[in-house]
Every structure is written in structure tokens, then in C-alpha cells.
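What follows is one structure encoded as C-alpha cells, with my remarks underneath.
Read the figures in this text as sums done on the coordinates, not as results from a lab. If you're wondering where the values come from, they're calculated on a predicted model, not measured in any experiment. Cβ sites come from the backbone with ideal geometry, for glycine too, and all protein chains shown count toward neighbours.
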Amino acid sequence: MRRSSGAARRTAGAAVLSLATALTGLVFPTTAQAAVTCSAGVWKAQYYANTTFTGTPKATVCDTSIAENYGHGDPAGVSLPRDNFGVRWSMTRNFGSGGPFDLTVAAQDGARVYLDGSRKIDLWRNVSLDQKRTVRLTIPRGVHTLRVDFAAYTGPANITFSHKPVIGAAYDKTAPLTPAGLKAGYAAATLKTSLTWSRNHELDLAGYRLYRRTGSTGAWSLRNTTAITGSTFTDAPPATGATYEYALRAVDRSGNISPLTGVTRVVSADKTAPAACTGLTATYDESGARLSWSPVSGASSYEVQRSLAPEGPFSSLGMPTQSTVLTDLNASAGTTYHYRVRALDSAGNASPYSAPFQLDVPEPKPLAPANVSANGWVDRNTVGWRYDGDAAHRFHVYAAESATGPWTRLTETPVTGPAYDDFTAPVGQVRHYQIRTVATHGTESDPSATASATRTGDVTPPRMPYGLDAWDGTDGVHLSWTANTDDTDHYLVMRKPMFGAWEQIALVRDVTYLDASVPVDVQFGYTVRAVDAAGNVSPMPEPGYGTVYGKRLPVHEKPAAPASVTATAENGNVTVGWTASTSADVAGYYVYRTTSSDPASAYAVSPLITGTTFTNENVPAGTTWRYVVRAVSKRSMWSDFSPMAEVTIACPVMTAPATPRITGGGRGADSVRLNWEVGACDQGATVSYNVYRSTSGSDVFTPERRIASGVTALTYTDPGLARGYYYYVITAVAADGTESAPQVKPFEISLMAP
């Protein structure tokens, strides 16, 4: 029996079966079945035991596609003969606007294709190979029926069929049908329009284009940038309270566009405020403050507010007005007001407030001051007056260099009066003054009578600076003095040769000065004069007083260091030799010794040597020593260090441990702590230490003075001591009990101080 390789696909895609189904899948019964109705666009397949499609079908099912390969058997699940059976597929569907379609069938054996009962393809014959044909035709708009008949004669059997719209503007000139059922609903809560419509039936449909316009005469605007593939859309029209109309077009994949649908309308919520008011102005007369502004389109009324400060707070002037003028009857003279206005529409939307307009309501001019007088002093002019008006009023002071002006106001803010100090008055020049009263809101009175004064100025010179000192340097003569505590502004530095006149060489505000311009080794006299802000200068010094002397020192070069150094050890002594400095100015040489490779750590071991050799006697053995040499000039200029010469003093044959070296000590309230290091050339002979103490420096190293033995550390604390002076020596002890010599000089420490 033939088995269909497409049975699994057909079974999985079937929408309706005309026979009983088992839990495990599709079953073809052998008994009669009820009539089968398949959905639009779904194939109804009828299976016959003959190729003439006569008699009752053996089975009827719904198929989503025609794609079968029966091989050498019959369809699975139905009892048909191995050869000479037939299958008839039929489908009724809405093709929308229709248009060009390609009908393609490929089969082995016979196949026929019908449209609305009219045969379009006829391949009705028994063949041993697949046969295929495609027919292009135009399907009219609306509902049509496709039928495919297949005859399986003998041998292998298979069939596929498709009907596809022809895509491309060159072939498809048929526009989609106008979409139907367009509806729109508006939600005031979300301010959005929801639109729905019925889906088109065209098989080549690409989607929809939605259009919106304001009112019934506005221009249409496309609301979607890409085609809408569904049948719903949400739009957010401006919330202006306007009526918006929507219409729809369908678009196919060849770019053909349907006619526009009829319109559907929504009315949006009004959430749009009017424009801000402009042109706000205000004037004042005896009736009050008169305000006006430009009308705003869409406004039904206006709200006017007033404040005493530009930043607020503002309060409304009564109920909103429908006019664009308003009189503030409560505006008070002598007050500055700030007004603003906003527009309101019938929906209650409010525009932004206009920019505030400042109205300065004038106040009465106050009285002018009387009895104006002026007096000149050393550091200022003083102006006084009398005022008999409101005690809350203040005053501005004006000045001029001429009695006729021009007048310049001296006071940045009004003074409380009735006096003013003019510290800016020029010295020795007449200055004229007028006073104006300033009322609460800044209104000024007429000018007062004019008064004049001349500032006398400062004619007292500062005192001469004291503490003047000078010292010589290679960079010049250094001067310093004590700062004046009076009204000194700066200082004049004066200089003169030993037998010449004074000259000014500098103006300084500090209390030090370096005269770097003097020649070397030439003595000069110096003094300093103080100058105040008025230009008064302290007097010159009397002979022998207030004058110091100094000269610039010559710069002497340091001598060259010896170029090479040698060091030779013999019998515990080291002989150091060096090459002489190449400098002419050399007083002699000093020899230094260290155990470090850093010459700066070396210490002098010689007096001034005028030759080029020196013998360092009794050099500690068991240590590598490094020697350097420095030259010194007759002017005490020191050379750099010479190169180092290194020498090692061998240890002698030891008959006793080496004497330890006491490195230091400390004290407590009643104790002494000693620190030492292993003696040179000890070579591991020491196994412990003895500690000796005495109150006299002459009898420390005696048996009865030993206070500790067997000490293995390099430190020892001597406790329980009374106040006094104490002397200590430390000896080293070998394994055989041999004891080293003590230190040549005992270590002394005092416990006398608390």
C-alpha cells in the first residue's frame, strides 16, 4: 500500500475533519461521515477509490495546502486501491480586489485546475515523470472557488499546487479595495484616539495608511511612518478641543493604493492654554493705576495680579475680567507695584503669566535741608545740615569743584544725617556741597543751599625709621630696618660714597633691601627715609646718626680637590698621601676618615697639613677604613672631597678578648642603662661581659666594684641607685675566663637631677 509522505503535514494543518479522531492523531473511518465544511481559504480534500470521482468519497478532510507525495501506496488512514484512486481539493475564498495570479501545479500522474468551474490547467494523463505547468491569469474581485483534481494511475504518485499573487508594479495594476468598517473612539482620560477597521481580503496586502486632519477642511497628514499590518491604531491628537477626522487607505505589495475610506470623527479634550499676554502697560493718575494689554486669541477672560516685589508674592485684583483694561483703585502714592496678567479660556486653561510690569507711583517731593555748613580738616571735609521734616527721610550728598556744578552724588545709599564726612576731597582745593532729602520711596527734594570747604591735608612727615642695619655679602649690601607704626606708606633707600652726596636708589614698601649694584670692595653709606600717603618725607639723618656702611664682598673660588689619594697600613698606623691641589690659593689640607662609602660621613683625623702626606697613628684594627682629603684656601674656601683611598687594618694576635666599646647610656629615676658593642678584632672570643661601677673615676676596675658578670646581651640596666655620680667600665670574658682590659676612661653618668 502507498504511504503519503505529506500525511503528517496534512494532518497537523487540518482545521476540520469529517470523521472521528483518535487521541493519537488522524483516523480515516470506513463508515459514512457527516458533511464537511472548511473555513474560507482552507482546502476541502475528498478521497475517491477511482479516477472519475464518482460515488461517495472514502474520506473528506480540511487541508491548509496541497503538497502530497504518495509514493507507490495510497494515502495513509484511508482504504483506497494502490493504483487508480483520485483526490479532489476545493476552496472558496474572497480574493478582495483580485488581480494577476500565478496558478502552478506539479504532479505525477494526472492533474486539472479549475477556477469557478472553468478549467485552467489540464495535465490529465498517466506519466512516469513529474509534469508541471504555471498559468498566469487575472482573478476578478470578490469570492471565487478553486478546484484541483488529481488522478493517481500507476507507479509513484505526488502533487503540489499553489496560487500566488503576481507582485510588481509592471504586472499588478489592481488597487486594493477600500477598507471597510473604520471606527474611532476618543478617551479623554488618556487624550488618545483608538481606531479599528475590517481587514482586507487581498492576498498581496502590505498594510494600511492612516490619515488625520483638523476639522473637515484641513490638510490630511499621514499618521504612520510604516504600513500598519493589523487592523487597529492608537493616535494622540493635540488636546485643543478641536474636531479631528480620520480616513484609511490599503496598500498592496506592488505599491497600489486603495481609495480613501469615508471619514470618522472625534472631538479632543481641550487641554491647551491660550498664549501668554503681551503689551502690558500701566500708568497712574488720580483715579488709580490704569492697566491695559493686548487681547489673546481664544481667551474668554483675564486674571490680573499685583505684588510689591518683582519676585512676588502676587495676589489677584478681584475676579477675572473679560476686558483688556483694568483700573487698580487701591494703588497708593509713593509705592512701587509689579503687575502681571494671564489669559483664561472657556475650558479653564490658563496661559503663562506675562512678564511683570513695574509701576512706580510717585510720592510728594520732600523738603530740602537747611543750615548747610562745611569745614575742611587734615584728612577730610565735614558737611552738616538741619532737617525739620519726616524723621524717616534720608539724605544724599552732592559735590562739585565749581559752585555752578556739575554735581556728582557722593553717597551710594542715602545717609541718615545730619552730617557727612568726605574723605575723597582733594587737598588744598575748594569743594562745594549740596544736600537733597530722600523720601521713603526714593523721591529727592530740591537741592539745599551750597556750602564750601577746603581740605587742609597732612603736612606732618613720618618719623625716620630706626633699627637700620647693614651686612656685607658677595651678592651686595643687605639692609634691614624696623617698620614704622605711623602713617608711613613706603620707604626711600638712600646711598652715598664715603666722600660724596646722597642719592635715592630705591622705593620699597618692605623693610629689607639688597643693593646689588655696588662695585666689589667699595664702601658706601646708607640711610632710609619714610614717606606717608600725603607725600611727606622723614628728615635726613644727622651726621653720625641713622647711617650704616657696607660693601660688596668679592667672590673667591674654592680650591680644586686633590686628584688622587693613597692609604698604606703598617704596624697599626696608616700613611695617607695625595697629589697637591692645582689651585694657587691653598693654605693646606685636612685628612678625613670613615667606614662608609659616603665622604660626607667622614671626620677629620689631622690638623692643617701643608705637605701632601699624613700618618694616622693607632688606627683601630679589624676594620676597613676609607680616607679622603680636602684642600682649604687662605680665604677659608673649602674644596670638594678628594677620591677615597681604602685600607684594612689587620687584627693582631689576641691573648685576651677585645675591650668592648661603650656606645651610650641613659638614666631613669633610680637606674642607669648601659649600651656597648663588641670590641674590634674580637673574632668571636667573647662569651660574656662583666660590669663594674664606682662613685669615683679612679677605682672602677677592682674586683669589689664588679656588679654583674655573665652578661650576654649588649645592654645592662643597673637599678636601685641613689642620687649621685656613677662611673662604669665593661670588660669582655673569653670561654677560658680570660678577661679583657677595661675602657681607658670610665663612662660617667649623673643621677643628681630629678
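Things worth noting here:
- When the helices of the chain are scored as -39500 (n - 2.57) per DSSP H run of n ≥ 4 and the total is divided over every residue, the value at 222 nm lands at 0 deg cm²/dmol.
- For a modelled paramagnetic label at Arg635, 7 Å from Cα along Cα-to-Cβ, the residues of the stretch 531-568 in reach, with backbone nitrogen under 14 Å, are 552-560.
- Spin-label model distance (nm) - Ser316 vs Ser216, 7 Å beyond Cα toward Cβ: 3.9 nm
- The C-alpha radius of gyration of the stretch 469-550, expressed as a fraction of 2.2 N^0.38 Å, stands at 1.07.
- Each part reduced to its alpha carbon centroid, the stretch 580-637 and the stretch 97-170 end up 123 Å apart.
- Ranked packing of 688-699, 103-114, most packed first, by mean Cβ within 10 Å: 103-114, 688-699
- Quotient of C-alpha Rg and 2.2 N^0.38 Å, computed over the stretch 370-454: 1.02
- Förster-model FRET efficiency, 41 Å R0, Leu721 and Thr623, C-beta, rounded to 0.05: 0.75
- Per the chain, cysteines lacking a partner by the 4.7 Å Cβ criterion: Cys277
- For the stretch 588-627, backbone nitrogen atoms closer than 12 Å to the point 7 Å from Thr575 Cα along Cα-to-C-beta are found at 613-616.
- Partner aspartates and glutamates for Lys120 [C-alpha distance under 13 Å; skip if fewer than 8 residues away on the same chain]: Asp102, Asp149
- For Arg463 and Thr52, the difference between the fully extended length at 0.36 nm per residue and the C-alpha to C-alpha distance is 133.5 nm.
- For the stretch 487-506 versus the stretch 387-455, the gap between their alpha-carbon centres in whole angstrom: 44 Å
- In the stretch 544-607, Cα pairs under 8 Å separated by at least six residues give a relative contact order of 22 percent.
- Cross-link partners of Lys551 among lysines, defined as those whose alpha carbon lies under 25 angstrom from its own and excluding same-chain residues fewer than eight positions apart: Lys496, Lys634.
- Normalised by 2.2 N^0.38 Å, where N counts its residues, the alpha-carbon radius of gyration of the stretch 180-267 equals 1.08.
- Unit Cα scatterers, Debye sum, the stretch 281-360: log10 I(q)/I(0) for q = 0.22, 0.23, 0.27 Å⁻¹: -1.01, -1.09, -1.41
- Taking the chain and dividing mean pair separation by its residue count, relative contact order in percent (alpha carbons under 8 Å, at least six apart): 5 percent
- With 0.36 nm allotted per residue and the present C-alpha distance subtracted, the Lys271-Arg93 stretch has 59.3 nm of extension available.
- Viscosity 1.002 mPa s, 20 °C: Kirkwood-radius Stokes-Einstein D of the stretch 635-693 over Cα pairs, µm²/s: 137 µm²/s
- The stretch 661-750, Rg to Rh (Cα coordinates; Rh as Kirkwood inverse mean 1/r): 0.95
- Contour minus Cα-Cα distance for Lys120 and Ser39 (0.36 nm per residue): 26.8 nm
- Mean shadow area of the chain over all directions, Cα convex hull, nm²: 91.7 nm²
- Here the spin labels are modelled as points 7 Å beyond Cα on the Cα-Cβ line, and at Glu739 and Gln523 they lie 6.9 nm apart.
- Alpha carbon centroid spacing (whole Å) that separates the stretch 267-285 from the stretch 649-681: 104 Å
- Cα pair distances exceeding 15 angstrom across the stretch 565-649, given as percent: 53 percent
- Counting only lysines at least 8 places from Lys183 when in the same chain, those with an alpha carbon closer than 25 Å to its own are Lys192, Lys271.
- Neighbour-count ranking [beta-carbon atoms within 10 angstrom, fewest first] of Thr243, Thr324, Thr174, Thr485: Thr485, Thr243, Thr324, Thr174
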